[in-house]
Each structure stands twice: as C-alpha cells, then as structure tokens.
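Data first, discussion second: the structure below is written as structure tokens.
Please treat every number below as a calculation from the coordinates, not as lab data. Because the structure is a prediction, the values reported are computed rather than measured. Virtual Cβ from ideal backbone geometry, glycine too; neighbours counted across all protein chains shown.
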Amino acid sequence: MHTIRFPNETPQYRKARNELLEAEKDLRQEVERVAALRRKLPLGGAVPQDYVFDEGEEGKARPVKLSELFEPGKDTLVVYSFMYGPEMKRACPLCTSILDSLDGAAPHVSQRVNVAVVAKSSIARIREFARERGWRRLRLLSSAGNPYNRDYHGEKADGAQIPAMNVFVKRDGQVHHFWNSELFYAPAEGGQDARHVDLIWPLWNVLDLTPEGRGVDFYPRLSYEMVQK
C-alpha cells in the first residue's frame, strides 16, 4: 500500500496497521460520499421571518437581521445554537468546548462562508462569557427577542436549550434553510451519543486516534482542577 515504516515496528504491528488503513480509506470515501449527498440537498423552506438579533457590547448593542449576516459574495450562513439560556446559571460545557475550537477556526471558515453563534441569553451575558473564555473571533448574537431558537430546533417548547447547527443559503434575495444537525434526533447505537456535530468538534476526533478513546464517562467541563503530583 505504501513503503512508510516506523522505528522498530513488528510485522504483527504492520499487518494490523495495514488492515486499519484499509478501513480508514473506506471511511474517507464514506465521509466524502455523505458530504456529496449533503451538497445535493434541494432548497429547504424559506425562513418565516427575517429574524432580528442583538449584537455588540453592552450599552452599544445593535439589531441585526438574519439577512444581514450574509456578506457580499457569500451566500451560505452557518449558525450554531449555543446552549446558554437566560435561566441557565452557566453555559453548556459541551457547547463551550465546541466554540473554544470554532473560535480559532472562524477566520479560516469565514473565507468561504458566513458563521454566527446564537444563544437565548442577553447579548451582555453572552459577551461576558465570551470574555471569560477568551473568544475573540466568533460573531455572537442574542436571540432573546425572537423565536429563531424555537423555529430551528435550538430550544424545546418548555424553554430548554438544544445544541443545533443550521445552514442557510440565500437565493434570489430570499433566505432558505438548507441543513440541520438532525442526527441529534436519530436513535444512537448502544454506548454512543448522537454525534450530530462531531465533524466540527476536534476534541472527539483527537481522542478517537488514541488507545484510550473517548471513554464512557468523560465529558468536557468549563474548568479542570490541577492534578497534584
């Protein structure tokens, strides 16, 4: 398959690694096959309203419409619904882990598409948490004054927040829904979580490369105690 070898590897290791490599090649093809299917989706429904969000620092907040999140020449908008509702004492640790990574990737992703993060808390509260985390590149929006979260399944009827990724596109001046991370709602295999946004979540992708794996009881937290040595 290739001639690359590593110091002191055994024939048994190489045989097992080549078998795994075949599986990794198959996975690469499957990822591309699914991505191609995703790209071929027809237009979803037109958005029911031009949602107005709050953006900016406390005291300088300004309204911004969903349609205004599309920069000239970029007709795709990726929106992550961040679990941080007004009744939550702290933001969701899992969403926070995702956004810690996305903050670094945002300048690269935004070369091709528009990116925004929406939460139901006030914009002042969202910005305060962003400062705590050191986020500097994410476009942060508050949906406190509109039904966006409810309409696009980032919120339950009782107000509980749901992690959701949505993609919108603009065609002939009209914004349409394109894709949602609906894998969240599909039954998961035994011992697995929904994994609906794993493709943008480096944490699990890194752990999947290790002998320890994801583990059965590890989840990211907002902070970690130092291990005493």
Sequence-separation-based contact order of the chain, relative, with Cα cut under 8 Å and 6+ spacing, percent:
21 percent
How much of the DSSP bridge set in the stretch 66-164 is antiparallel, in percent, rounded to the nearest 5?
20 percent
Length-normalised contact order for the stretch 52-182 - Cα pairs under 8 Å, 6+ apart - percent
30 percent
Under 24 Å between alpha carbons, and skipping anything fewer than 8 positions from Lys156 in its own chain: which lysines qualify?
Lys65, Lys89, Lys120
Given the rule -39500 (n - 2.57) for each run of at least 4 DSSP H residues, summed and divided by the residues of the chain, what is its mean residue ellipticity at 222 nm, to the nearest 500 deg cm²/dmol?
-9500 deg cm²/dmol
What order do you get for 108-114, 8-14 when each peptide is scored by the mean count of other beta carbon atoms within 10 Å, highest first?
108-114, 8-14
Would the stretch 62-165 count as rounded, prolate or oblate if I go by the C-alpha gyration tensor, calling it rounded below 1.5 in a/c and otherwise prolate when a/b exceeds b/c, oblate otherwise?
oblate
What's the ranking of 209-220, 146-157 by average number of surrounding C-beta atoms within 10 Å, highest first?
146-157, 209-220
At R0 = 25 Å the Cβ-Cβ FRET efficiency linking Arg137 and Leu207, nearest 0.05, sits at 0.55
Of (1) 53; (2) 41; (3) 44, the label for percent of Cα pairs over 24 Å apart derived from the coordinates:
(1)
Given R₀ = 22 Å, FRET efficiency for Thr3-Asp26 by Cβ-Cβ distance, to 0.05?
0.55
Relative to the present Cα-Cα distance, how much length would full extension add between Arg221 and Ser122 at 0.36 nm per residue of separation?
33.4 nm
Using only Cα atoms, locate the centre of the stretch 47-120 and the centre of the stretch 125-157, then give the distance between them in Å, rounded to an integer.
6 Å
Degrees between helix 93-109 axis and first principal axis of the chain (Cα, 0 to 90, nearest 10):
90 degrees
